[in-house]
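These notes concern the structure reproduced below.
The values are calculated or read from the model by the stated rules, or taken from the named source; none is laboratory data. Predicted model, so just to flag it, every value in this text is computed and none were measured. So basically every Cβ, Gly included, is an ideal-geometry build from the backbone, and we count neighbours across all protein chains shown.
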Amino acid sequence: MDEITVLQGAEPFYVENGKVGVLISHGYTGSPQSMRYLAEGLAQAGFTVALPRLKGHGTTSVDMA
């Protein structure tokens, strides 16, 4: 299996805080970097937050194929 290099800032984000969880998904042309501000704000407010990196996003355009 080939190792994928994820661009800085495009890493998945996960914080476990409370009983209520929020799953955030970035857009088609985005990466977790584009929604991280929201994820961090919700985590600071006490929510459990998951912001995964969808396959092919936050790496190179070749990975989108």
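Values computed for the structure shown
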read-out: Single residue of region 1-42 satisfying the filter (over 13 Å from the mean Cα position of the chain (by Cα) and among the aliphatic types (A, V, I, L, M)) that is surrounded by the most Cβ atoms within 10 Å (Cβ to Cβ); value: Leu42
read-out: Residue list for region 1-24, filter: modelled with pLDDT of 95 or more, under 17 Å from His57 (Cβ atoms) and part of a loop (DSSP other than H, G, I, E, B); value: Ile24
read-out: Residue tally, condition at pLDDT 95 or above and of a type in the set (Val, Ile, Thr), over region 25-65; value: 2
